[in-house]
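A.B. asks: First the structure, which I've put down as C-alpha cells, then a few questions once you've had a look.
The values are calculated or read from the model by the stated rules, or taken from the named source; none is laboratory data. Just so it is clear, the structure is predicted and the values come from calculations on it, not from any experiment. Cβ placement follows ideal geometry from the backbone for every residue including glycine, while neighbour counts extend to all protein chains displayed.
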Amino acid sequence: MTEPSKKQKYHFGDTGSQSALKQIIQDRGAARILLVRGGASFEKSGASAWLEPSLSGLSIREFYNFSVNPNLKDLQKGLEVYRDANPDLVLGVGGGTVLDMAKLLAYFGDTGIDPDLYIQQKVSGRASTQYLVAIPTTAGTGSEATHFAVLYKDKVKYSISEEDLLPDAAIVNPLLSSNMSSYLTACTGADALVQAIESYWARGATEESRGYAKKAIKGALRWLELAVKYPSKESRTGMAEAAYWSGRAINISKTTVCHALSYSLTSFLGYPHGHAVAVLFPAVFELHQKKGVVPSVLSALFETEDIAKEVFKIFASLGLGAREILAQKSLEALLSNVNVERLNNNPVSLTKAELKNIISASLS
Ligand SMILES: [Zn+2]
C-alpha cells in the first residue's frame, strides 16, 4: 500500500483558531474564496460568526444547500459555481458531507476532470493544486484528515480516493461542534474509536499510522463518555483531537471488516454510520480475539487493561446497541452489500459464514 505523501497543516482548539485561518489566507495571498458550507447548521454551530473576521474584505462565493449524501448533480451544480468564482482557496466548513463536497469541488474544479466520466472509470485522476482548508463542525469522522470522499450517482455509492483530496490544512475548533446532540456525539465518537482500532490491526497499517491510531484510541477511551454525558470545552477538545488522529490513521491504513459490513446497516436499516460500526464492533472484536489477532497487536498498546471490555462498556452506556432483531431474509440482503476493498484489508480472511455470524450476533 502506498502511503499518502502529502502533508497536512493542522490546528487544534478554540484558542488561536481564528488567527490560524487568517495566517493561512495571508500566506496564500488568497483573495477569492469558495466557501462550501452547511445550511442552517452554519449559523447554529457558530461557524458563521467565527469566520466573519477572517473573511472580511475578501471576495467570497458560497455553495450550500446540497443533499445529505453528496451526489453527482449537486457536485455538478457546485462545479458551475467553482468555475464562475475561480477561487484561489476553497474553504469547507461543516459536517462530513460538507467536507466531502468541498474536497470534491476543489479536486474536480482544479483538474477539470468530469466527475461522471471519472466514476465510470473512463478517465483517471491527476494532481490538483487547489489549496483546500477543512474546518469540521461535527467532531468525529476525521474526514478533515483523509484523502477519501463519497459520491452518489443514482443511489449508487462511489468511494473516491485521490491523494489530493486530502485538505492542505485542517482547523479543529471544538467550540464549533458544541451544538451537536448527545446521540450524534456518541455516534461520531464511536466511529472515531472503531476506526482507530481497525486501523491499528489493518493490513495496510504502517508504523506512522499505528502511532496516530494509538493517540486516537487513548484519547477516545479517555474522552468519549465524558464528551457525551458531560460535554465541556475540555472533553469536546479531547474527543475532537482523538477523532482527528483517527482520520489521520485511516488515511494511511484504511479500515477493515467492521466498516466493510457497516455500510449495509446504514443503507438498509438506517443506522447512522457511527452507530452501525459500534453495533458490529463487539462481535468483530471477539472473533479477532479468538483468531489470535487482537492480543498480538493491541496488547502492546494496553499493558494490563482489557480494552475490549472497556470499549463494550462505553458503547453500552451510550445506548449504541442493536435497535432491532434481524430476520433471516434481511441477513442475506445485508451480506450482498459488503465493501470488498475494506474486507481485503482485514488482518485475517473471513469466510461468508463468519461474516454472517458477526451480523447475526450483532443484531440479536
Ligand atoms: Zn467510519
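A.B. asks: Identify the residue in the range 331-350 that is touching a Phe, Trp or Tyr at 6+ places or on another chain (Cβ under 7 Å) and at pLDDT 80 or above and, among all such residues, is surrounded by the fewest Cβ atoms within 10 Å (Cβ to Cβ).
C.D. replies: Among those residues, the one meeting the criterion is Ala333.
A.B. asks: Now for a different question. Please work out which residue is surrounded by the most Cβ atoms within 10 Å (Cβ to Cβ), limiting yourself to the range 272-289 and to residues that are closer than 24 Å to Glu144 by Cβ and touching a Ser or Thr at 6+ places or on another chain (Cβ under 8 Å).
C.D. replies: By that ranking, first place goes to Val277.
A.B. asks: If you check Ala30, Ala102, Ala134, which single one turns out to be under 20 Å from the mean Cα position of the chain (by Cα) and touching a residue at least 60 places away in the same chain (Cβ under 8 Å)?
C.D. replies: Ala102
Conditions (1) at pLDDT below 85; (2) of a type in the set (Ser, Thr, Tyr), marked per residue:
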residue: Lys215; (1), (2): no, no
residue: Arg236; (1), (2): no, no
residue: Glu241; (1), (2): no, no
residue: Arg248; (1), (2): no, no
residue: Phe268; (1), (2): yes, no
residue: Glu286; (1), (2): no, no
residue: Ser296; (1), (2): yes, yes
residue: Phe312; (1), (2): no, no
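A.B. asks: Can you give me the number of residues within the range 44-79 that are surrounded by fewer than 18 Cβ atoms within 10 Å (Cβ to Cβ), modelled with pLDDT under 95 and closer than 30 Å to Asp154 by Cβ?
C.D. replies: Residues in the range 44-79 being surrounded by fewer than 18 Cβ atoms within 10 Å (Cβ to Cβ), modelled with pLDDT under 95 and closer than 30 Å to Asp154 by Cβ: 4 in total.
A.B. asks: With respect to Arg61, is the statement that it is free of Cβ contacts under 8 Å to residues at least 40 places away in the same chain and in contact with a helix residue (DSSP H, G or I) (Cβ under 7 Å, 6 or more places away or on another chain) true?
C.D. replies: Considered against the rule, which asks whether it is free of Cβ contacts under 8 Å to residues at least 40 places away in the same chain and in contact with a helix residue (DSSP H, G or I) (Cβ under 7 Å, 6 or more places away or on another chain), Arg61 comes out as yes.
A.B. asks: Next question. Are there any strands (runs of 3 or more DSSP E) wholly within the range 130-199 with 3 or more residues that are within 14 Å of the ligand (Cβ to nearest atom), and if so which?
C.D. replies: Result: 148-153.
A.B. asks: Here's a follow-up. Within the range 86-127, can you find the residues that are of a type in the set (A, V, I, L, M, F, W, C), surrounded by fewer than 20 Cβ atoms within 10 Å (Cβ to Cβ) and in a helix (DSSP H, G or I)?
C.D. replies: Leu117, Ile119
A.B. asks: Follow-up question, since we're still on this one. Being away from the ligand (no atom under 15 Å from the Cβ) and under 18 Å from the mean Cα position of the chain (by Cα) narrows it down to one residue among Arg236, Arg203, Arg222; which is it?
C.D. replies: Exactly one residue qualifies, and that residue is Arg236.
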